[in-house]
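Asks: Below is the structure I would like to discuss, written out as structure tokens.
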Amino acid sequence: MKMQNTQVVAELLFSYITQGEKQAYRQWFHAPFEPTSMSVFSTGILVLTSPLHTLPLRIAPVLSSAAQVVERTLYVHLHPGLNLSSVAQARPVFIPLAADVSSLISRLYSNAANVCGHLDVRVLLTNIRVQQGMSPALGAGNPFPSPQTLSQPPEVVLTDFAPQDPSQSLLVTQCLQRYAGHCYACTPALASVLLHPQLEQLAEKEVIETEESETLETYNDVVVGGTFDRLHGAHKTLLNISCLLANKRFMIGVCDEDLLKNKVLKELIEPYALRVQKLREFLQDVKPSLQYEIVPLSDPFGPSITDSNLECIVVSEETRKGGEAVNKRRQENGLPTLVLHEIQLLKDAHRSDIEEEKISSSSLRTRLLGTLLTPPKARPHLPPFPYVIGLTGGSGSGKSSVARCLEALGAVCIDADQLGHQTYQPGEVAYQRVVEEFGPDILNEDKTINRRCLGRKVFNNKDRLKCLTDIVWPEIAILAKQRIQRARVEGKQVCVVDAAVLLEAGWADMVHEVWVTVIPEEEAVSRITTRDRVSAEDAQRRLQSQWSNAQHVEHANVVLCTLWEPEVTQRQVQKAWDLLQERISQRQAMGGPPPSVHGNCPPHRKVQQD
């Protein structure tokens, strides 16, 4: 929420200052009221002024406090030793690039992932550089001849600076606003907040013994590679440190095409263009003085083995062998080897039993399972209740097990495959049309349709298959709508249409949301061969005749994956169900209650084992 007037500024400041300081603010704002709530800003900039040897213990509580004020993007500006109680001294200067700055950045992103994972934290580096012959004290010069433009202009500036005297607080906030405006292009109504009251408990234990830090060696041209899906703290650490090491050019290889084939939940990886867009925005914010070169990688090496100007490659413990492989290929190509600068992996404090110990994109993609990836399209032609879920997915994807979980939670499940069997029964509309189209030789002795015989007539013949589906699919849709109507009369709240061909048949217009189950192709082949006793080749042909996982996900509102143990699938379905109940409650609040508010859908009923 942006600041509208000075009273709102006062209200925000009161949330962070002591009782002794409030009187001074009341005199300034003429606001004789106590705040009842704290204002929240979309974007803010945090100016860290504590000495480098004290910051490691301070970062977590400072970020936690900042997260109560900023809800989307938090820029971090490092200026250890900055004195905000003096207008003359509150000016930006260059900070010497030392090893402890690099380790502090790693810790900052690690703490951010732990205490404020919802925030997009970005450490800014414009004022940090190597200065030969400098003492460890702050450098001279002005790194901001004009305010730097950020992709999201800060609406509030925050700091960990603690005034020695409460009476100085007003001066400090004014200095802080002036300092931030000198460095960055902020919103005109920039507010300022002091976060120091949350840090008083650290006073006795905040000093950390450190040796004098060495200056980091830098290079003209630096290279890194990665997928950079859903830019997270580990990516940002890698990118920030690479920016610190680079003097002129920074090359980033972004995995694409074949390099994505074996990634966990590859269908949920962001498109290449979107990943590049997010990278550029982040890098331009962090260090706009560098020349950035972002290239697609269709093999593990890319330009790193052919570009003679490159000097350094930044790797993690996990990718060091890849860096060594790059150097081996460079030697074979007659190029000098690259310096390998290794950074530590960031541990994921929130990992589940199926996720990696490190912060990773695959873990973030796993956490998307069961959540609403895209809002459902408006379906004004559908009655609001029962709320209809279209559940689909490829053969072997575990769709039936998900349907059973949903049924156990209270949903009415409509099996389109069973309805398909019904349409082939004598006396049904589709029965006569199928016999007329494909001949009486498809009938058994009892006049029922021999589906195996019928299948042979349409196998590998797209025209004949379309002829069959044009007859059968509309009849299945009619039966499904009849079942939904029955559920409505019975006062049910949620229906699930379990249909492998939901999207191909055009049935998405009769459901409110599309839920998709996905599984890696090799696992699907294994399941099909075991379940149906067919060859791997037959299983693969079956999968190739269906929509791919990527095509399904493109139309999905919710994605689920049954790759792991049944209890993991149940947890996903429970999460999806709970979030669905929230959406349904919102619909009820907007449009009134359905005939039966809860139907037979107990929100906390335990899911049975698959």
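The values are calculated or read from the model by the stated rules, or taken from the named source; none is laboratory data. Every value quoted in this text rests on a predicted model; they were computed, and no experiment measured them. Every residue, glycine among them, receives a Cβ derived from its backbone with ideal geometry; neighbour counts consider all protein chains shown. The accessibility values were calculated without ligands, DNA or RNA, using every heavy atom of the protein model including side chains. Shrake-Rupley method; radii C 1.70, N 1.55, O 1.52, S 1.80 Å.
Asks: So if I average 1/r over every pair of distinct C-alpha atoms in segment 328-382 and take the inverse, what Kirkwood radius in Å does that give?
Replies: 15.9
Asks: While we're here: Run the simple label-point estimate for E257 and N461 please: 7 Å along Cα→C-beta, distance reported in nm.
Replies: 3.9
Asks: What is the dipole size for the chain, taken about its Cα centre, with +1 at each Lys and Arg Cβ and -1 at each Asp and Glu Cβ, in debye to the nearest 20?
Replies: 1240
Asks: Excluding residues on the same chain fewer than 8 positions from K377, give the lysines whose Cα lies under 23 Å from its Cα.
Replies: K399, K481, K492, K575
Asks: Treat every Asp and Glu Cβ in segment 252-358 as -1 and every Lys and Arg Cβ as +1, leave all other atoms uncharged, and give the resulting dipole magnitude about the Cα centre to the nearest 20 debye.
Replies: Computed about the Cα centre, the dipole is about 160 debye.
Asks: Which residue, chosen from S360, S64, S548, occupies the Cα position most advanced towards the positive end of the dipole of the chain, where the dipole is computed from +1 (Lys, Arg) and -1 (Asp, Glu) charges on Cβ about the Cα centre?
Replies: Highest projection toward the positive end goes to S548.
Asks: Once both axes come from the Cα atoms, what is the angle between helix 19-29 and the longest principal axis of the chain, in degrees from 0 to 90, rounded to 10?
Replies: Between helix and principal axis, roughly 90 degrees.
Asks: Only Cα pairs under 8 Å and at least 6 apart count here; give the relative contact order of segment 264-341 as a rounded whole percent.
Replies: 27
Asks: Nearest 20 debye, what's the magnitude of the dipole of segment 408-556 about its Cα centre given +1 on Lys and Arg Cβ and -1 on Asp and Glu Cβ?
Replies: The calculation lands at about 220 debye.
Asks: Probe radius 1.4 Å, ligands and nucleic acids ignored: give me the carbon and sulfur share of the accessible area of the chain as a rounded percent.
Replies: That share works out to 50 percent.
Asks: Put +1 on the Cβ of every Lys and Arg and -1 on every Asp and Glu Cβ in the chain; which of N327, Q570, N111 then has its Cα farthest towards the positive end of the dipole?
Replies: Q570
Asks: I'd like the Kirkwood hydrodynamic radius of segment 282-353, using the inverse of the mean 1/r over distinct C-alpha pairs, in Å.
Replies: 14.3 Å is the Kirkwood radius here.
Asks: Another question, if that's okay. Report the chymotrypsin sites (Phe, Trp or Tyr not before Pro) located in segment 455-531 that are in a DSSP loop and have at most 16 other Cβ atoms inside 10 Å of their Cβ, or state none.
Replies: Taking segment 455-531 and a limit of 16 other Cβ atoms within 10 Å, the loop chymotrypsin sites (Phe, Trp or Tyr not before Pro) found are F459.
Asks: What does the charge count near L346 come to, summing +1 for each Lys or Arg and -1 for each Asp or Glu among other residues with Cβ under 12 Å from its Cβ?
Replies: It works out to a net charge of 0.
Asks: May I ask for the net charge around A524, where only other residues with Cβ less than 12 Å from the Cβ of A524 are counted and Lys, Arg are +1 while Asp, Glu are -1?
Replies: The answer is 0.
Asks: What angle, in degrees between 0 and 90 and rounded to the nearest 10, separates the Cα long axis of helix 429-438 from the longest principal axis of the Cα atoms of the chain?
Replies: 80
Asks: At what distance in nm do the modelled label points of H53 and A325 sit from each other, each positioned 7 Å from its Cα along Cα→Cβ?
Replies: Simple spin-label model gives 4.4 nm for this pair.
Asks: Provide the packing ranking of 465-477, 577-589, i.e. peptides ordered by the mean count of other C-beta atoms within 10 Å per residue, highest first.
Replies: 465-477, 577-589
Asks: Antiparallel DSSP bridges in the chain: what percent, to the nearest 5?
Replies: 5
Asks: Of V429, G226, I252, which is farthest along the charge dipole of the chain in the positive direction, counting Lys and Arg as +1 and Asp and Glu as -1 at C-beta?
Replies: It is V429.
Asks: Would you please report the Å³ per residue occupied by the convex hull of the alpha carbon atoms in segment 308-430?
Replies: Expressed per residue, the convex hull around the Cα atoms of segment 308-430 is 264 Å³.
Asks: Please give the per residue accessible area of the chain, computed with a probe of 1.4 Å over protein heavy atoms only, in Å².
Replies: Solvent-accessible surface per residue comes out at 47 Å².
Asks: Still on this structure: In terms of the ratio Rg/(2.2 N^0.38 Å) built on C-alpha atoms, what value belongs to the chain?
Replies: Working it through for the chain, the quotient is 1.21.
Asks: So, one more: For segment 338-414, which trypsin sites (Lys or Arg not before Pro) pass both filters: DSSP loop (anything but H, G, I, E, B) and at most 16 other C-beta atoms within 10 Å?
Replies: R351, K377
Asks: Can you compute the modelled spin-label distance between Q422 and T530, with each label point 7 Å from Cα toward Cβ, in nm?
Replies: Spacing of the two 7 Å Cα→Cβ label points: 3.2 nm.
Asks: Additional query: Quick check on the chain: helices-only [θ] at 222 nm, where DSSP H runs of length 4 and up contribute -39,500 (n - 2.57) each and the sum goes over total residues. Nearest 500, please.
Replies: -12000 deg cm²/dmol
Asks: Let me ask something else about it. Specify the inter-centroid distance of segment 64-125 and segment 389-432, based on alpha-carbon positions, in whole Å.
Replies: 54
Asks: Also, quick follow-up: Let me check I've understood the local charge: for M590, count other residues with C-beta under 15 angstrom from its C-beta, Lys and Arg +1, Asp and Glu -1. What total comes out?
Replies: The answer is +2.
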